[in-house]
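To start, the structure itself, in structure tokens.
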Amino acid sequence: MPVTEGRIPFRGFETWYRAVGETEDGKLPVLLLHGGPGGTHDYLEPLEAVAETGRRAVFYDQLGCGKSDLPDDPSMYTVELFVDEVGVVQRALGLDDGHVFGSSWGGMLAMEYALTQPAGLASLVLASSPASIPQWVEETGKLRSQLPPEVQATLQRHEDAGTTDDPEYVEACLAFYTRHVCRADPWPDCVNRSFAFIEESGLVYHTMNGPSEFHVTGTLREWSVVDRLGEIDVPTLVVTGEHDEATPVINRTVSEGIPGAESRIYPDASHMAHVEDTAGYVRLLDDFLSRVEAGVARDGQPAS
């Protein structure tokens with residue numbers, strides 16, 4: 001399949017992208033938004049298989065992430081900046097008519113983007129994404145309480161002391177991550193690369209999120225679009241792993257808030273179901289995207 005990589009001017013900097021495959025007649029391209037905030041596209045690499053379904057799959061590293069420029073001004077990293085970047089990438093690559101897939105923070109970004117009512121947005125796939133960070137904190141707190149007592153004690157001790165950069169804290173986080181973020185054993189290289197970037201260049205992650213997935217102290221800590229979900233008016237698939245840190249409760253909040261949204265709980269999977277079962281995950285995506293493109297909803301009725 002053809003692969004194109006390049007850089008797109010954005011607010012005086014450059015955003016790196018990678019496009020895989022070509023779009024067949026009757027189908028639409030897919031723009032894939034990575035998580036974090038402050039992660040990289042790397043852990044989404046298994047979804048290059050989407051191109052094998054006849055859809056151009058486009059990935060990019062958000063500003064401050066991965067192969068894109070890395071401005072060192074934390075004040076510039078806002079939801080508004082990243083929403084603007086989605087539109088710039090779409091226009092630059094001719095993706096105005098297409099699907100948007102968002103993983104974790106990428107799904108939060110996709111919801112924010114959809115709320116701007118962009119022309120040509122065909123559908124959303126919200127993969128393991130909350131509509132409320134307060135709910136996320138509540139739900140990950142429940143999962144954290146199920147960790148071994150000694151792990152919980154280590155996490156709490158370092159959070160209280162402000163020493164979350166201590167290797168002991170990082171190691172304790174892995175007890176949570178291997179249960180609820182990625183259950184593949186061992187983690188594939190694409191996942192390790194994304195985590196390595198956050199560890200080495202975590203400005204965006206620490207500014208907007210905080211020191212870990214469940215200890216949110218950054219600028220997103222009060223973020224919520226729950227009250228606006230009803231304004232999203234495109235076909236939407238909300239998919240969550242059975243053991244996901246973005247729990248089935250979170251899935252229900254999102255899927256019940258968006259009119260006509262479809263909900264899927266992916267069995268035996270966590271936050272990175274697309275890594276843990278790539279073939280099955282791509283089949284799920286292909287089924288949904290094909291029905292959207294054909295104008296048919298899951299129940300056989302015309303799609304909204």
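The values are calculated or read from the model by the stated rules, or taken from the named source; none is laboratory data. All of these numbers come straight from a predicted model, not from anything done at the bench. Neighbour counts run over all protein chains shown; Cβ positions are idealised from the backbone, glycine included. The protein model used for the area step is the full one, side chains on, heavy atoms only, and it has no ligands, DNA or RNA in it. Shrake-Rupley method; radii C 1.70, N 1.55, O 1.52, S 1.80 Å.
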With the requirement that a residue be open to solvent by 80 Å² or more (accessible area, probe 1.4 Å), in contact with a Gly (Cβ under 7 Å, 6 or more places away or on another chain) and under 16 Å from G87 (Cα atoms), what does region 1-26 give you?
none
Filter region 117-168 down to residues that are acidic (D, E) and in a loop (DSSP other than H, G, I, E, B) and give me whichever is farthest from H99 (Cα to Cα).
D166
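Just to verify a result, which residue in region 137-165, among those that are of a type in the set (S, T, N, Q) and without any contact (Cβ under 8 Å) to a residue 12 or more places away in the chain, is surrounded by the most Cβ atoms within 10 Å (Cβ to Cβ)?
We begin by selecting, within region 137-165, every residue of a type in the set (S, T, N, Q); these are 140, 145-146, 152, 154, 156, 163-164.
Those still in the list that are without any contact (Cβ under 8 Å) to a residue 12 or more places away in the chain too: 145-146, 152, 156, 163.
Numbers: S145: 9, Q146: 10, Q152: 16, Q156: 13, T163: 12.
The qualifying residue surrounded by the most Cβ atoms within 10 Å (Cβ to Cβ) is Q152.
Condition check ((1) in contact with a strand residue (DSSP E or B) (Cβ under 6 Å, 6 or more places away or on another chain); (2) farther than 25 Å from L115 by Cα) across all residues:
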{"site": "C190", "(1), (2)": "no, yes"}
{"site": "S194", "(1), (2)": "no, yes"}
{"site": "E200", "(1), (2)": "no, yes"}
{"site": "S224", "(1), (2)": "yes, no"}
{"site": "I232", "(1), (2)": "no, no"}
{"site": "V239", "(1), (2)": "yes, no"}
{"site": "H243", "(1), (2)": "no, yes"}
{"site": "G280", "(1), (2)": "no, yes"}
Using the structure shown, decide if V58 is assigned to a strand (DSSP E or B), open to solvent by less than 10 Å² (accessible area, probe 1.4 Å), within 19 Å of S123 (Cα to Cα) and not basic (K, R).
yes
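For D42, state whether it is surrounded by 15 or more Cβ atoms within 10 Å (Cβ to Cβ), closer than 24 Å to N192 by Cα, at pLDDT 95 or above and not polar (S, T, N, Q).
Details: surrounded by 15 or more Cβ atoms within 10 Å (Cβ to Cβ): yes; closer than 24 Å to N192 by Cα: yes; at pLDDT 95 or above: yes; not polar (S, T, N, Q): yes.
Taking the combined requirement at face value, the residue satisfies it.
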Can you tell me how many residues in region 37-62 are of a type in the set (D, E, K, R) and out of contact with any helix residue (DSSP H, G or I) (no Cβ under 6 Å at 6 or more places or on another chain)?
4
